[in-house]
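In what follows, a structure is listed as structure tokens, so that the remarks can point back to it.
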Amino acid sequence: MSGFLPDQPGAEVRVSPNFGPRRGTPGPDMIVLHYTGMATGAGAEAWLCDPASEVSSHYLVHEDGR
């Protein structure tokens, strides 16, 4: 997967290796917001981009609002 342009001023795009085809539905049918439980935004970002985690997110908001 290649990068794409951010859709918000000041946003950064970081491509995660943890993506694949949507299972069982052609498109999203809900939005889920949750707390990662990580000590820092940088830690959460690292985990979301780690192939061992097998998870990713569309957006991540750091403590400083980035």
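Just to be sure I understand the filter: pairs with C-beta atoms under 7 Å, separated by 6 or more residues or on different chains, first member in the range 20-43 and within 17 Å of residue 66 (Cβ to Cβ), second member aliphatic (A, V, I, L, M). Which pairs pass?
Once the first residue is within 17 Å of residue 66 (Cβ to Cβ) and sits in the range 20-43, its partners that are aliphatic (A, V, I, L, M) give 36/44; 38/44; 41/60.
Look through the range 42-66, keep the residues that are in a loop (DSSP other than H, G, I, E, B) and among the aliphatic types (A, V, I, L, M), and return whichever of them is farthest from residue 21 (Cα to Cα).
Filtering first and then ranking leaves 61.
Only one of these conditions is not met by residue 20: (1) at pLDDT below 85; (2) not hydroxyl-bearing (Ser, Thr, Tyr); (3) not in a loop (DSSP other than H, G, I, E, B). Which number is it?
Status for residue 20: all satisfied but (3).
Is it true that some residue in the range 43-51 is at pLDDT 85 or above and touching a His at 6+ places or on another chain (Cβ under 9 Å)?
Checked against the condition, which is being at pLDDT 85 or above and touching a His at 6+ places or on another chain (Cβ under 9 Å), the range 43-51 yields at least one hit.
Please find, within the range 27-66, the residue that is nearest to the chain's Cα centre (by Cα) out of those that are surrounded by 10 or more Cβ atoms within 10 Å (Cβ to Cβ) and of a type in the set (Asp, Glu). Spell out the reasoning first.
Just the residues of the range 27-66 that are surrounded by 10 or more Cβ atoms within 10 Å (Cβ to Cβ), to begin with: 36, 38, 40-50, 53, 55-57, 60-62, 66.
Applying the additional criterion that residues be of a type in the set (Asp, Glu) yields 45, 50.
Details: 45: 7, 50: 11 Å.
Result: 45.
What about residue 12, is it in a loop (DSSP other than H, G, I, E, B) and touching a residue at least 40 places away in the same chain (Cβ under 8 Å)?
So residue 12 fits the description; yes.
The values are calculated or read from the model by the stated rules, or taken from the named source; none is laboratory data. Just so it is clear, the model here is predicted, and its values are computed rather than measured. All Cβ positions, even for glycine, are placed from backbone atoms using ideal geometry, and neighbour counts span all protein chains on display.
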